[in-house]
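Input: a single structure, listed below in structure tokens.
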Amino acid sequence: MRVGWVQNAPVRGDREGNLARVAALIAGHRADLWVLPELFATGYLMADREALAQLAEPVSDGPTTAFLQGLAVQHGCAFVAGVAESAPEGLFNAAVAVDASGPRAVYRKVHLFDTERRVFDPGTGPFPVVALAGARVGIMICFDWRFPEPARVLALAGAQVIAHPSNLVLPHCQAAMVTRALENGVFTVTANRVGAESVTGMSVAFTGASRIVAPDGRVLSDGPADRPAVAVVEIDPALDRKSVV
Ligand code: ACM
């Protein structure tokens, strides 16, 4: 199985441009499963809930899911990608798993980070594991890395690969993912973004360095810290090591 990350630099609010740049980034690369960053189509910082509501979309039939499904059909691949979700129950920092048949699973971020709590509603789980692109793929989002439980729950639910859309701002996650992979015997794919954003009173810089880690803790891929990039590695998801942990 070929699994890859896309590291983009979204322009806040420019969904059309952000999607087009992702399509250009993966053109010419072949992966069975691509992981994209958290909120990859909208950007991260929302001034207030109204600003988020303007950008959020349904994951069942919104433009980002339709875009990913179109690419999945075109390239014969699947995606796990961060989406600003509007739903009757609220506004969520979500990740959607999409293949050529459409959306296959949705996860709403449980551990909202810092100012995200002002605008997003927290997810309540479960952490999903979905059969995707030939593997059992678990989903968590960014700050979920800070706690051992999400990755553990996913591994216990059968995940072989953890897809981890991220917009990282703290320095420790990339290193911690070696532990998350090792302690749970799973592959992890962290897709981070680069660039910086600010709105009144808030500014953040993102750390890039997207990373794939094997169940034995080997780092299979490390992205640059400062520019958009993609990488693909070949893995055998059956080589997860849950029988020994
Ligand atoms: C984060 O959870 N986006 C830091």
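General remarks:
- In segment 186-207, the residues that are within 21 Å of V161 (Cβ to Cβ) and either free of Cβ contacts under 8 Å to residues at least 60 places away in the same chain or in a loop (DSSP other than H, G, I, E, B) (or both): V186, T188, N192, R193
- The residue that is nearest to R152 (Cα to Cα), among those in segment 208-245 that are assigned to a helix (DSSP H, G or I) and touching a residue at least 60 places away in the same chain (Cβ under 8 Å), is K242.
Residues checked against (1) under 17 Å from Q54 (Cβ atoms); (2) within 16 Å of the ligand (Cβ to nearest atom); (3) part of a strand (DSSP E or B); (4) not aromatic (F, W, Y):
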position: E85; (1), (2), (3), (4): yes, yes, yes, yes
position: F92; (1), (2), (3), (4): yes, yes, yes, no
position: A95; (1), (2), (3), (4): no, yes, yes, yes
position: V106; (1), (2), (3), (4): no, no, yes, yes
position: L112; (1), (2), (3), (4): no, yes, no, yes
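- When A157, A135, A163 are checked against the criterion of being small (G, A, S) and either touching a Lys or Arg at 6+ places or on another chain (Cβ under 8 Å) or open to solvent by 40 Å² or more (accessible area, probe 1.4 Å) (or both), A157 stands alone in meeting it.
- Just one of the numbered conditions (1) open to solvent by 30 Å² or more (accessible area, probe 1.4 Å); (2) in a helix (DSSP H, G or I); (3) touching a strand residue (DSSP E or B) at 6+ places or on another chain (Cβ under 6 Å) is not true of T65: (1).
- Residue in segment 64-81 that is within 16 Å of the ligand (Cβ to nearest atom) and modelled with pLDDT of 95 or more present: yes
- Within segment 75-94, one or more residues are in contact with a His (Cβ under 9 Å, 6 or more places away or on another chain), under 21 Å from D144 (Cα atoms) and either of a type outside the set (V, I, T) or crowded, with 19+ Cβ neighbours inside 10 Å (or both).
- Long-range neighbours under 9 Å by Cβ, at least six apart or interchain, first residue over 18 Å from N8 (Cα atoms) and more than 15 Å from the ligand (Cβ to nearest atom) within segment 167-180, second part of a helix (DSSP H, G or I) and open to solvent by 20 Å² or more (accessible area, probe 1.4 Å): T179/P148
- Among residues of segment 29-55 being away from the ligand (no atom under 16 Å from the Cβ) and buried (at least 24 other Cβ atoms within 10 Å of the Cβ), the one that is nearest to V137 (Cα to Cα) is L33.
The values are calculated or read from the model by the stated rules, or taken from the named source; none is laboratory data. If you're wondering where the values come from, they're calculated on a predicted model, not measured in any experiment. A quick note on method: Cβ atoms are made from the backbone with ideal geometry, for glycine too, and the neighbour counts reach across all protein chains shown. In case anyone asks, the SASA skips ligands and DNA or RNA and just uses the protein heavy atoms, side chains included. Shrake-Rupley method; radii C 1.70, N 1.55, O 1.52, S 1.80 Å.
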